[in-house]
Amino acid sequence: LIFLRLGVVVVLAILLIRMWYIQIVKGEEYAILSEQNRVRMVYLKPPRGLIYDRHHNLLANNIPSFNLYVVLDDVDDRQRLQEDLSALIRVSADDIRVAMAKHNTPRLPLKVKENLTLKEAAAIESNLPQLPGVVLQAETERSYPQGSAAAHIIGYVGEISAQGLKEEQFQGLNLGSAVGKYGVELEYDQILRGRVGHKTIEVDARGHEQRVIQIKEPVPGDDLHLTIDLPLQRLAEGLLEDAAGAIVALDPRNGDVLVLASHPTFDPNVLTRGLTVSHWNQIRHDLRKPMTNRATQGQYPPGSVFKLVVAAGGLESGSISRSTPIECRGRFQMGSRVFKDWRKEGHGLVNLHEGLVHSCDIYFYTLGRQLGIDKLAHYAAQFGLGRRTGIDLPAESPGIVPSSKWKARVLGERWYPGETILVAIGQSYVTVTPLQMATLIGTIANNGLQYRPRVVRKFEKRQDDTLVDIEPFLLDTVPI
């Protein structure tokens with residue numbers, strides 16, 4: 001009996017010590033763990049700002065969408081869940097398994113499928129008690145009602161990567177957040193995306209929401225109003241038909257880009273709504289490069305339009321006057337080489353005006369030889385060639401304005417006089433973007449005032465409907 005009493009005392013002592021250790025020594029730690037199991041924070045994605053053209057035609061908006069998530073910490077039997085989900089919605093168990101295997105943050109929701117149909121959403125909702133860790137979320141999705149029209153200007157959005165979350169500009173976002181990937185969606189992403197909200201919820205043992213404890217509403221993104229004229233943009237894209245090329249039209253008085261068409265193009269809706277590997281490979285391997293904005297990134301020989309730069313340089317340097325005559329017989333001798341005019345019999349005696357009107361090659365061969373390559377490069381640079389215009393679109397190309405120093409630095413060779421002849425008619429090494437040439441022509445039309453091209457003219461703050469104008473920016477006054 002004594003031993004029995006001692007045994008009871010020892011057991012009770014052990015239990016009391018254990019209870020003291022758990023409740024007093026480790027009490028705060030276990031309380032936190034318990035609270036974490038009971039309480040969850042759910043991120044609330046803000047509606048992205050809308051995008052309009054200059055006539056208030058809608059170019060980008062948001063549509064309702066059902067998305068399916070899984071919190072892996074709440075899933076005991078992953079294989080069974082994979083099979084249950086594949087039986088309810090159009091997604092294979094293997095795809096779910098691969099996604100789960102790659103997901104290395106089990107406390108954070110994993111997006112299993114987006115854009116569920118109403119039938120699929122209803123099936124998930126009715127079976128939710130038997131689906132541990134499954135969350136059905138009503139969200140908004142980016143949509144482009146004009147399809148491929150102005151796609152290279154508008155761009156598209158996509159989910160941010162784990163690497164992207166480490167960048168300062170994306171602080172406050174979480175996996176699954178949509179960010180701009182191209183066009184103004186990328187360039188003005190911080191204005192368009194708004195601020196993420198969140199709600200604190202109480203969940204049951206299966207991770208299903210029981211009640212809302214606290215909520216902080218998301219802040220919608222601001223709307224953008226572009227300079228683009230949608231009817232003109234559609235007309236330009238129609239004129240390109242199946243050709244690979246670009247059309248640019250701008251207002252030289254303020255830099256407003258009215259048309260920026262590039263073909264072939266793409267449908268941003270396809271890129272935004274879960275692009276498949278096969279479709280992406282099809283786009284990536286297309287030899288006509290539909291993802292390249294030819295208006296701002298394509299670098300081409302300017303051809304005879306470059307003769308305006310040569311003419312301006314000739315007048316400014318005093319090499320010619322408006323009336324200086326140059327004889328064109330259809331042939332131009334430079335050493336042992338003969339350069340021909342586009343008109344076999346030549347144009348006869350021409351002055352500057354006639355040389356431009358008829359695009360006389362011999363006139364500009366002669367003037368180019370008088371100026372020399374370095375003066376040609378100087379005057380081209382005066383008009384902004386060889387550098388980016390600064391348009392508010394990503395990845396603009398600068399083009400090339402060759403000079404004797406440029407060739408020595410890049411190619412390690414000296415400059416030959418015959419190359420100057422070709423540069424004088426916009427050939428050889430000189431390259432420009434269509435946007436640069438539109439800006440050059442606009443500068444001449446504007447008496448030397450060169451405005452930076454822009455595709456966004458104002459934005460509208462969603463919180464108070466305030467319109468904020470973006471003032472035109474005078475880049476330079478060309479000293480010619």
(message) Given points 7 Å out from each Cα along the Cα-Cβ axis, report the Ser336 to Glu202 separation in nanometres with one decimal.
(response) 9.6
(message) To make sure I understand the rule: partners must be lysines, Cα under 17 Å from the Cα of Lys199, and not fewer than 8 residues away in the same chain. Which ones qualify?
(response) Lys45, Lys216
(message) Give me the 1.4 Å probe accessible area per residue for segment 310-429, excluding ligands and nucleic acids, in Å².
(response) 51
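How big is the shadow of the Cα convex hull of the chain, averaged over all directions, in nm²? Please report the intermediate quantities before stating the final value.
On the way: hull surface 139.5 nm².
It is 34.9 nm².
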(request) Enumerate the calculated ³J(HN,Hα) couplings along segment 64-74 in order (Karplus 6.51 cos²θ - 1.76 cosθ + 1.60, θ = phi - 60°), each rounded to whole Hz, writing x wherever the residue is Gly or Pro. (result) x, 8, 9, 10, 10, 10, 9, 9, 5, 4, 9
(message) Quick check: at a probe of 1.4 Å, how many percent of the accessible area of segment 14-152 sits on carbon and sulfur atoms?
(response) 56
(request) Determine, at each q value in 0.18 (inverse angstroms), the log₁₀ of I(q)/I(0) that the Debye formula gives when each Cα of segment 269-359 is one equal point scatterer. (result) -0.92
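Carbon-plus-sulfur fraction of the accessible area of segment 200-244, 1.4 Å probe, in percent? The partial results should precede the final answer.
Numbers: 1240 of 2450 Å².
C and S atoms contribute 50 percent here.
Evaluate the charge dipole of the chain about its Cα centre and quote only its size in Debye, nearest 20, assuming +1 on the Cβ of each Lys and Arg and -1 on the Cβ of each Asp and Glu.
On the way: 55 positive and 54 negative charges, 250 e Å.
Result for the chain is approximately 1200 debye, rounded to the nearest 20.
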(request) Compute the length gained on full extension between Arg195 and Leu1: take 0.36 nm times their separation in residues and subtract their Cα-Cα distance, giving the result in nm to one decimal. (result) 62.7 nm
(request) Work out the charge dipole of the chain with +1 on the Cβ of Lys and Arg and -1 on the Cβ of Asp and Glu about the Cα centre, then indicate which of Gln463, Val277, Leu88 is farthest towards its positive end. (result) Val277
(message) Using amide H atoms built in the peptide plane, which far-off residues or other-chain residues are under 5 Å from Ser177 H to H?
(response) Ile160
(message) At 1.4 Å probe size, with the rest of the protein present, what percent of the exposed accessible area of segment 246-336 is carbon and sulfur atoms?
(response) 51
(request) Please list, in chain and number order, the residues 5+ apart from Ala149 or on another chain whose amide H is under 5 Å from its amide H, with Hs placed from the backbone. (result) none
(request) Might you report the magnitude of the Cβ-based charge dipole of segment 221-379 about its Cα centre, with Lys and Arg at +1 and Asp and Glu at -1, to the nearest 20 debye? (result) 800
(request) For Ile213 and Ala101, compute 0.36 nm times the residue count separating them, minus their Cα-Cα distance, and round to one decimal in nm. (result) 37.1 nm
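Summing -39500 (n - 2.57) over the DSSP H runs of n ≥ 4 in the chain and dividing by its residue number, what mean residue ellipticity at 222 nm do you reach, to the nearest 500 deg cm²/dmol? Before the final figure, lay out each step's value.
On the way: 18 runs with 162 residues, N = 480.
The helix contribution divided over the chain gives -9500 deg cm²/dmol.
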(message) Positive end of the dipole of the chain, charges at C-beta (+1 Lys, Arg; -1 Asp, Glu), about the Cα centre: which of Leu352, Asn447, Gln299 has its Cα farthest in that direction?
(response) Leu352
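Given R₀ = 60 Å, FRET efficiency for Lys289-Val25 by Cβ-Cβ distance, to 0.05?
0.35
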(message) Can you give the FRET efficiency to the nearest 0.05 for Asp267 and Glu168, using r as the Cβ-Cβ distance and R₀ = 30 Å?
(response) 0.40
(request) Please turn the phi angles of segment 376-387 into ³J(HN,Hα) values with the Karplus equation 6.51 cos²θ - 1.76 cosθ + 1.60 (θ = phi - 60°), one per residue in order, whole Hz, x for glycine and proline. (result) 4, 5, 4, 6, 4, 5, 4, 8, x, 6, x, 9
(message) List the lysines whose Cα sits under 18 Å from the Cα of Lys166, skipping any in the same chain fewer than 8 residues away.
(response) Lys181
(request) Starting from the Cα of Lys458, draw a straight line to each of the aspartates and glutamates and keep only those under 18 Å, dropping any in the same chain fewer than 8 residues away. (result) Asp53, Glu185, Glu187, Asp189, Asp222, Asp223, Asp229, Asp251, Asp256, Asp392, Asp469, Glu471
(request) Would you please give the residues with an amide H less than 5 Å from that of Leu110, counting only those at least 5 places away or on a separate chain, with H modeled from the backbone geometry? (result) Val70, Val71, Leu72
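The values are calculated or read from the model by the stated rules, or taken from the named source; none is laboratory data. Worth saying up front: this structure is predicted, and the values here are computed from it rather than measured. Heads up, the Cβs are rebuilt from the backbone with ideal geometry, glycines too, and the neighbour counts pull from every protein chain shown. Surface accessibility is based on the protein's heavy atoms, side chains included, excluding ligands, DNA and RNA. Shrake-Rupley method; radii C 1.70, N 1.55, O 1.52, S 1.80 Å.
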